[in-house]
């Protein structure tokens, strides 16, 4: 513990889980560091026999460590006089807009609990569809009719409409859990999703031949060529090939042992053709990946 300062808070590095840095001059005062790098000043106090947490604000403009400490003193004075400042926050939460809530949703849920590829999907839905439509609306005011209309306006892109509806539904579930909506209702519930037809088509022998001929003539993008060949020969997902590391390749067993695929850890059996492709790829000493990127170590 130490007296929180701008230098200490700025230097605090994010970790896999959120953690607190406590101020030694006011033991109830701390800054909470999230895995996303977001830093929020908070106070812990007891009221009505329960521990409460009061959020002062996010580190940065306007909240510095010194200003947040001054605010902490004021809030704790209210606690000592018998008030419960958290109660006053209930009405503030009800007034939170979808834009404000989306920032917390991305910081405290998406960046913490979801895999990188899923994070990208959620952020895309929030930034391109949810915030442009509902950004200025209060979360507490959005109704099922509003969500149904929103979903209907996206009928020309049914797959994206359904994915976005799923993200919005999770947002409302957390809004209820976090006390921002208090009616216990999820306005996405009951909104009928569009029918999705499974999209699957296999290349013909002629198409495979044309693809192979094109890859053989492509000399300026060898990484892309290796990746496409491995996709064809292994049946792996794109992300699995992009993040394949040399430590996942077991030539003697003819296996790829993927520790973190979309469905969890799995073993992929590979044939001699895939093995030959992998063996033809130059291995960089300072890079763990089979398919390397432009950036060092990527």
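Restricted to the stretch 244-263, and to residues that are surrounded by 12 or more Cβ atoms within 10 Å (Cβ to Cβ) and under 20 Å from residue 120 (Cβ atoms), which residue is modelled with the lowest pLDDT? Even if it seems obvious, please write down each step before you answer.
We begin by selecting, within the stretch 244-263, every residue surrounded by 12 or more Cβ atoms within 10 Å (Cβ to Cβ); these are 244-246, 248-250, 254-258, 260-262.
Within this subset, residues satisfying the condition of being under 20 Å from residue 120 (Cβ atoms) are 244, 258, 260-262.
Numbers: 244: 92, 258: 90, 260: 77, 261: 72, 262: 68.
The extreme case among them is 262.
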Odd one out for residue 281 among (1) touching a strand residue (DSSP E or B) at 6+ places or on another chain (Cβ under 9 Å); (2) within 27 Å of residue 202 (Cα to Cα): (1)
Can you tell me which residue within the stretch 138-153, out of those that are at pLDDT 95 or above and over 14 Å from residue 189 (Cβ atoms), is surrounded by the most Cβ atoms within 10 Å (Cβ to Cβ)? 150
If a residue has to be touching a helix residue (DSSP H, G or I) at 6+ places or on another chain (Cβ under 9 Å) and more than 19 Å from residue 8 (Cα to Cα) to count, how many in the stretch 32-54 make the cut? 6
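Determine, yes or no, whether residue 118 is at pLDDT 90 or above, within 27 Å of residue 171 (Cβ to Cβ) and surrounded by fewer than 19 Cβ atoms within 10 Å (Cβ to Cβ).
Numbers: at pLDDT 90 or above: no; within 27 Å of residue 171 (Cβ to Cβ): yes; surrounded by fewer than 19 Cβ atoms within 10 Å (Cβ to Cβ): yes.
So residue 118 does not fit the description; no.
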Could you tell me which numbered condition residue 193 fails, if it satisfies all but one of (1) in contact with a helix residue (DSSP H, G or I) (Cβ under 9 Å, 6 or more places away or on another chain); (2) within 28 Å of residue 103 (Cβ to Cβ); (3) at pLDDT below 90? (3)
With the condition kept exactly as written, say whether any residue in the stretch 36-51 is in contact (Cβ under 8 Å) with a residue 40 or more places away in the chain and assigned to a loop (DSSP other than H, G, I, E, B). yes
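The values are calculated or read from the model by the stated rules, or taken from the named source; none is laboratory data. This is a predicted model, so every value here is computed, not measured. A quick note on method: Cβ atoms are made from the backbone with ideal geometry, for glycine too, and the neighbour counts reach across all protein chains shown.
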